[in-house]
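The values are calculated or read from the model by the stated rules, or taken from the named source; none is laboratory data. Every value quoted in this text rests on a predicted model; they were computed, and no experiment measured them. Don't worry about glycine lacking a Cβ; one is built from the backbone with ideal geometry, like all the others, and counts go over all protein chains shown.
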Amino acid sequence: MKIIKILLSFIFCVLPLTEALGEGFVTIDFGTSKKEATEHFITMWGQPDIVNDEAIVFLNKDYRGFRFNKIIIGFENKSDDHHFNQARFFIARHARHHAVVQRDSIARVMAHKYGYGISTDYEENGNKFYKGGASPETIGFLFTIYTQRREGRWMTELRFGAFHKIKK
């Protein structure tokens, strides 16, 4: 009987807390309509710098203790409406070492402040990356954090999604 009480306490107390912590970085559900998601992000960061059917883009925004050079909020077309299906956060650095430091720093924050379970993996070229959280598609991970050379600079990218066929 005592084991059942402990198990029920875990299910009803700890698991919902883990889920709530896990959604703390993005702050809105994937699958939310483009209109509602756009309003949400405008409230957070002001008017986007770039707007098109597939995405809204914010440049040089401070968020969650980091200075992101670019934030891309992506949308998937669902017949008559677009829905929020990905968020990509970029930090540009001139040197690979600085991008790696940012990658590791973001991973620590995601694990400790937002409660995501994180694991480490390596790309074929040996670059380390992090993955964690539970995908809303029920398979895979919620996010990845990695570094790569792009547009002549080293980029640290925190990527949520893209998640397909999710509608709130």
Notebook entry, point to check: Give me the pairs: first residue in segment 147-168 and over 26 Å from Lys34 (Cβ atoms) and at pLDDT 85 or above, second residue loosely packed, with under 15 Cβ neighbours inside 10 Å and of a type in the set (A, V, I, L, M, F, W, C), beta-carbon distance under 7 Å, and six or more apart or on different chains, which are they?
Noted result: Trp154/Ala95
Notebook entry, point to check: Assuming Ser79 fulfils every condition listed in (1) exposed (fewer than 12 other Cβ atoms within 10 Å of the Cβ); (2) at pLDDT 95 or above apart from one, which condition is it?
Noted result: (2)
Notebook entry, point to check: Out of segment 102-133, which residues are exposed (fewer than 14 other Cβ atoms within 10 Å of the Cβ) and more than 17 Å from Tyr63 (Cα to Cα)?
Noted result: Ser119, Thr120, Asp121, Tyr122, Glu123, Glu124, Asn125, Gly126
Note to self: As an exercise: evaluate Arg88 against (1) surrounded by fewer than 17 Cβ atoms within 10 Å (Cβ to Cβ); (2) out of contact with any helix residue (DSSP H, G or I) (no Cβ under 9 Å at 6 or more places or on another chain); (3) closer than 24 Å to Met44 by Cβ; (4) charged (D, E, K, R) and give the number of the one condition it does not meet.
What the structure shows: (1)
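Being over 17 Å from Arg67 (Cα atoms) and without any contact (Cβ under 8 Å) to a residue 24 or more places away in the chain is the requirement here; does Ala111 meet it? So that I can check it myself, show each step before the final result.
Numbers: over 17 Å from Arg67 (Cα atoms): yes; without any contact (Cβ under 8 Å) to a residue 24 or more places away in the chain: yes.
Here the answer is yes, as Ala111 does meet what is asked.
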